[in-house]
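The values are calculated or read from the model by the stated rules, or taken from the named source; none is laboratory data. If you're wondering where the values come from, they're calculated on a predicted model, not measured in any experiment. Virtual Cβ from ideal backbone geometry, glycine too; neighbours counted across all protein chains shown.
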Amino acid sequence: MPSPRRLRGTFTAWAFLTPALVLLSLSVLIPALMALLLSMTRTGLDVSEPLRFIGLENLRRLLLDPIFYRVLGTTLLYLVGVVPPIVLGSLALAVLVNRALPGMHGFRAAFYTPVLVSIVVAAIAFRWLYAENGLLNGWLVAVTGGRLPALGFLTDPRLALPSVMLVTLWKGLGYYMVIFLAGLQGIPAELYEAAALDGSTGWRRHWDITLPLLRPYLTLVGVISAIAATKVFEEVFLMTQGGPADSTRTLVYYVYDLAFSELEISYACTVGLALFLLVMLLTAFRLGTGSERPLI
């Protein structure tokens, strides 16, 4: 039988956990269960309408939905286009600012500043930069002397998705840089000194010392940036509304469109559950490649 002291400690632990568990249940668990229930019904926005149970019909519709596969492909393309640059770019920035040089704290703050900028402000600013009479096209016309026409960064299906990706990169580099910087500052300087004695200098020392010791951080940044890219919505909603020609229509935007434009709540829940499974796969990958070494 547990001792009174142990029981008291267990009760105290659960007392501290209960508010968080209640909040998590109200904001995540219960809505997820409701979405699962609604995915097996046919209903719209009218909550007074009785639910009509249809079983797995929405799932069969999902498996045969060509739009779903198109937006899934766009989402995966967004993931592939964002995650490698954001991992390599933030790692390079972390290595750059991890030096004891005058003014380095200012550089760190400057690189982190985009993280503090509201996504609404960032999207409006980039829309102005991308406009046909915006700053980027103005520079293009000035450099080429007007020989090249203005580029439709947000109106050309070939350029719209990379243009939106750039906003995600600009916003995320500083955040992930801080994670890598924490890892770099945890590497003992003696290891680099020993590597220098063995002839490992310059960029070679990062290959021999930095990358192996930062592997848990690389996995962490890769997975959480992949999850964030999979759930991208604000940039698309504020800049392109899924266009042109559905070239920037992602899974989350498709769920939004189904629920609030086409009023197909039950099918939107089904697509949302597919997105949930995709995120769970990424999370399982993170857990499966975890390390015993503490991260941050």
Just a yes or no: is a residue in region 3-13 exposed (fewer than 14 other Cβ atoms within 10 Å of the Cβ) and modelled with pLDDT of 90 or more? no
Of (1) modelled with pLDDT of 85 or more; (2) within 25 Å of the chain's Cα centre (by Cα); (3) among the β-branched types (Val, Ile, Thr), VAL22 satisfies every one except (2)
Among residues of region 101-139 being touching a Gly at 6+ places or on another chain (Cβ under 6 Å) and either over 13 Å from LEU154 (Cα atoms) or in contact (Cβ under 8 Å) with a residue 60 or more places away in the chain (or both), the residue surrounded by the most Cβ atoms within 10 Å (Cβ to Cβ) is PHE111
Expected single match for at negative phi, among the β-branched types (Val, Ile, Thr) and touching a helix residue (DSSP H, G or I) at 6+ places or on another chain (Cβ under 8 Å) among VAL141, VAL120 is VAL120
Are any of the residues in region 136-155 among the aromatic types (Phe, Trp, Tyr) and either under 20 Å from ILE227 (Cβ atoms) or part of a loop (DSSP other than H, G, I, E, B) (or both)?
yes
Matching residues in region 52-96 (crowded, with 20+ Cβ neighbours inside 10 Å, farther than 18 Å from VAL232 by Cβ and of a type in the set (A, V, I, L, M)) number 3
